[in-house]
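Presented below is the structure to which this report refers.
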Amino acid sequence: MLRERLQALDSEWRQVPRAVEFERLIEERLGANRVRHSISVTKVLHLVAGDLGLDTASAVSAGLLHDSCKAMKNEAMLETAERYGIPLNETHMERPNLLHGHVAAALCRHEWHVADESVCEAIAWHVTGHPGLGLLGQALFFADFSEPLREHPESDEALRIYDAQCFRSALRYAARAKLDHLRKKGLLIDPNTEAFCAWLDTRGVV
Ligand SMILES: [Fe+2]
Ligand SMILES: [Fe+2]
């Protein structure tokens, strides 16, 4: 069971290249709660990556850095996005924080020397998902939604589905639950969020 495996997981994720460096980086940029969340995501992703045959070093980098720009102020977020040529849509202008994945990916590519493009892609799209997202990105989306420090009951359910069914069923559940939550709150929804759900639905369950 994923939850039990997480409890049994020691700090082996810290042994992968650059893990300690990236942990320090986020400690400088984020508050304690967000750092705890990032480490929790990293642990889930480390296990899931192992299950899916993905590189665990890439998983640890993606988990640690995915929210590295979450605390940026709106003005800095938009300014950094423009500097790196990130295309902005109407939703971004209204909710600049939705850009925190794309902006973090740009810093990974241009400032933090993260050469693994699958890590940058995963980080860029972890907020909304998008059709055709690579497997590491899918795993990060799932880990971000389901890590056990999340307080919503859907987190638990996503972990349960992972064990009872499979990764793809759990990911579909997570993507749908996130979309439903945004709709319920009446928040402006990025079109990629809906497109990601629809894409996952068309692929069926393995
Ligand atoms: Fe995030
Ligand atoms: Fe996150």
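Checking the a/c ratio against 1.5 first, then a/b against b/c, what shape does the Cα gyration tensor give for region 6-114? Taking the square roots of the gyration eigenvalues as a ≥ b ≥ c, region 6-114 is prolate.
Restricting to Cα pairs below 8 Å that are 6+ residues apart, what does the relative contact order work out to for the chain? Please round to a whole percent. All intermediate terms of the calculation are to be shown ahead of the outcome.
Values: 266 pairs, mean separation 37.7, N = 206.
That works out to 18 percent.
Okay, which of region 82-98 sit inside 14 Å, backbone N to the point 7 Å along the Cα-Cβ direction of GLU194? Residues 90-91 fall inside that zone. Each helix, a run of at least 4 DSSP H residues, gives -39500 (n - 2.57); summed and divided by the residues of the chain, these come to -20500 deg cm²/dmol at 222 nm. Listed from fewest to most Cβ neighbours within 10 Å, the set LYS70, LYS185, LYS43 follows the order LYS185, LYS70, LYS43.
Mind running the shape call on region 2-202? Use the C-alpha gyration tensor, a ≥ b ≥ c as the square roots of the eigenvalues: rounded below 1.5 for a/c, prolate if a/b tops b/c, oblate otherwise.
Working: a/c = 1.57, a/b = 1.09, b/c = 1.44.
The shape class here is oblate.
Among residues other than ARG203 with Cβ under 14 Å from its Cβ, the summed charge is +2 (Lys and Arg +1, Asp and Glu -1).
Share of pairwise Cα-Cα distances greater than 18 Å in region 96-201 is 49 percent (whole percent).
Hey, in the GNM for the chain with a 10 angstrom Cα cutoff, which one of GLU154, GLU94, GLU194 fluctuates hardest? Judging by the Gaussian network model, the answer is GLU94. Considering only PRO191, PRO87, PRO96, give the residue with the highest GNM mean-square fluctuation for the chain, with springs between Cα atoms whenever their separation is below 10 Å. Result for the chain, Cα springs under 10 Å: PRO87 fluctuates most.
For a footprinting-style exposure proxy, rank PHE196, PHE22, PHE167 by other Cβ within 10 Å, fewest first. It would help to have the intermediate numbers written out before the result.
On the way: PHE196 26, PHE22 23, PHE167 17.
Ordered by Cβ neighbours within 10 Å, fewest first: PHE167, PHE22, PHE196.
Highest GNM mean-square fluctuation among LEU47, LEU149, LEU136, for the chain modelled with Cα contacts below 10 Å: LEU149.
Here SER146, SER169 are placed in order of increasing Cβ neighbour count within 10 Å, fewest first, which gives SER169, SER146.
Listed by chain and number, the aspartates and glutamates whose C-alpha is less than 18 Å from the C-alpha of LYS178, apart from same-chain residues fewer than 8 away, are ASP67, ASP144, GLU147, GLU151, GLU154, ASP156, GLU157, ASP190, GLU194, ASP201.
We did not get these values from a lab; they are worked out from the coordinates using the rules stated. The model shown is predicted, which means the values in this text are computed figures rather than measured ones. Every residue, glycine as well, gets a Cβ built from its backbone with ideal geometry; the counts of neighbours run over all protein chains shown.
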